[in-house]
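Everything on this sheet refers to the single structure shown next.
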Amino acid sequence: MKTHIKPLWSYDVQKTEQWLSEQAKAGYHLKELHRFKRGFTFTKGEAKEVTYRIGYDKIQTATLSQTLRKEAWEKVTQSGKWYVIANERPQAEVTTSTNRDGIIKRNNYIMYTFIALLIYFTCTTLMNVAIFSTVFFSAGLVEVVESPFWIITYLVAALATVFYIFMVYSVWKIKTTSKALSTESQATFTGHPTLEKKVLTKSEERQLKREGVLFKRYKFGWMYSPDKLEGWLEQMAAEGNRLHRVHKLGTTFYFLKGEPQRIKFSADYQNLSKDSYFEIHRQAGWNDEYCSGSALQKWTIWSKPYEEGETAPNMYSDKTHKLKHARKVAFSYTMLFLPMVLLYLFIISMNISYMLRSEEGWTILNMNTIMFFFCIMMFGTFIARSWMYYFRLRRA
């Protein structure tokens, strides 16, 4: 037997699976997975073609589902919520596999934790830079005192730098892996008829702009008041302006002039969007007009046409679900922006305290204070608008 340690195997399970298959070709077959040791134990045997799949599930059963067993899948090992299954059939004949949603959800939680830490460390660094610049650009004297434990200071700084780089790498790696897993497990479906759209080239779009058929409108910060965006898009459709596409940044909307239409729009926010989420809504006749690529803002704009005399469709008919959705939006943006607001308030209080004691005229410190005050107003507005959205739905 031999054991291999792979510390970051869970960040890229597809490459790990490929590596396990290569080990089987060399005659080493997986026997045990060690989740805490981050390693795999192999036994020496006959070289053969084996397809491995790694899964993650909170609820583990002793045996695999009947569908997987029919496809000749067998559970090789399990460690906590992680498990590995294997199939000795030719890979071209394997049509089913284990669900990837558990891995995507777990890795995304880790990614969001790292993003929060990155924001914290970045803001802390900026705060220290702001404090240093305040002192440096003032007329006061700056005295540098060497730390009595300089080796500890430099060691901690080096470790913090390495950890920062590791978090950046982890966020990038997890995001890439989650996208690959989502593409792999995306189900094929046949949706209900929706608006037929022709994909236009850039030259065709420019020509339609010159003819006045295609035009664009900007909507900044609509995610803090998604109900207002829905009403605006529905009004545009009623006036004969059909939504053609949305820029990948989500702030520019392109419309084609045509006949008035009745279209219901729904801007939906999901922290962790599964493939089944898109499949269910598409099968119900909803068309995804826009899906954000941000790791923090998983917004999808859906549309569904309906005929005159029909009741306008609703993606979520239950008011409780809508309120839960709105509360999730408000909490998400509060957790995102409130730490920055508090940080900038702290910096402003220090700047004002110094300016009151100083007899100097206009300095760079005044500019910094105005800049931080503007940031507080901007981020505070984002928080307020998201909570106003929640209370509007609550009163409705």
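Residue by residue, here is whether (1) surrounded by fewer than 17 Cβ atoms within 10 Å (Cβ to Cβ); (2) modelled with pLDDT under 75; (3) out of contact with any Asp or Glu (no Cβ under 9 Å at 6 or more places or on another chain); (4) outside any loop (DSSP other than H, G, I, E, B) holds:
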site: 349; (1), (2), (3), (4): yes, no, yes, yes
site: 352; (1), (2), (3), (4): yes, no, yes, yes
site: 356; (1), (2), (3), (4): yes, yes, yes, yes
site: 361; (1), (2), (3), (4): yes, yes, yes, no
site: 365; (1), (2), (3), (4): no, yes, yes, yes
site: 369; (1), (2), (3), (4): no, no, yes, yes
site: 378; (1), (2), (3), (4): yes, no, yes, yes
site: 387; (1), (2), (3), (4): no, no, yes, yes
site: 390; (1), (2), (3), (4): no, no, yes, yes
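Looking at segment 219-281, what strands (runs of 3 or more DSSP E) fall wholly within it and have at least 1 residues that are open to solvent by 50 Å² or more (accessible area, probe 1.4 Å) and not hydrophobic (A, V, I, L, M, F, W, C)? Walk me through it before giving the result.
Working: elements: 241-246, 252-257, 263-269.
Qualifying strands (runs of 3 or more DSSP E): 241-246, 252-257.
A quick yes/no check of all residues on (1) in contact with a Lys or Arg (Cβ under 7 Å, 6 or more places away or on another chain); (2) farther than 25 Å from residue 179 by Cβ; (3) small (Gly, Ala, Ser):
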position: 2; (1), (2), (3): no, yes, no
position: 20; (1), (2), (3): no, no, no
position: 55; (1), (2), (3): no, no, yes
position: 58; (1), (2), (3): yes, no, no
position: 65; (1), (2), (3): no, yes, yes
position: 79; (1), (2), (3): yes, yes, yes
position: 88; (1), (2), (3): yes, yes, no
position: 111; (1), (2), (3): yes, no, no
Do you know which residues across segment 1-51 are free of Cβ contacts under 8 Å to residues at least 24 places away in the same chain and either assigned to a helix (DSSP H, G or I) or in contact with a His (Cβ under 8 Å, 6 or more places away or on another chain) (or both)?
15, 18, 19, 22, 23, 45
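Here are some residues: 69, 35. Which one is more than 21 Å from residue 92 (Cβ to Cβ) and at pLDDT below 90?
Values: 69 fails: more than 21 Å from residue 92 (Cβ to Cβ).
One residue alone meets the criteria, 35.
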Can you pull out every residue in segment 83-126 that is under 24 Å from the mean Cα position of the chain (by Cα), over 30 Å from residue 160 (Cβ atoms) and in contact (Cβ under 8 Å) with a residue 60 or more places away in the chain?
99, 100, 101
Does at least one position in segment 72-88 carry a residue that is polar (S, T, N, Q), open to solvent by 50 Å² or more (accessible area, probe 1.4 Å) and in a strand (DSSP E or B)?
yes
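The values are calculated or read from the model by the stated rules, or taken from the named source; none is laboratory data. Predicted model only: the values in this text are computed from it and were never measured. Please note: Cβ atoms are built from the backbone with ideal geometry, for glycine as well, and neighbour counts cover all protein chains shown. Ligands, DNA and RNA are stripped out before the accessible areas are found, and what is left, the full protein with its side chains, is counted by its heavy atoms. Shrake-Rupley method; radii C 1.70, N 1.55, O 1.52, S 1.80 Å.
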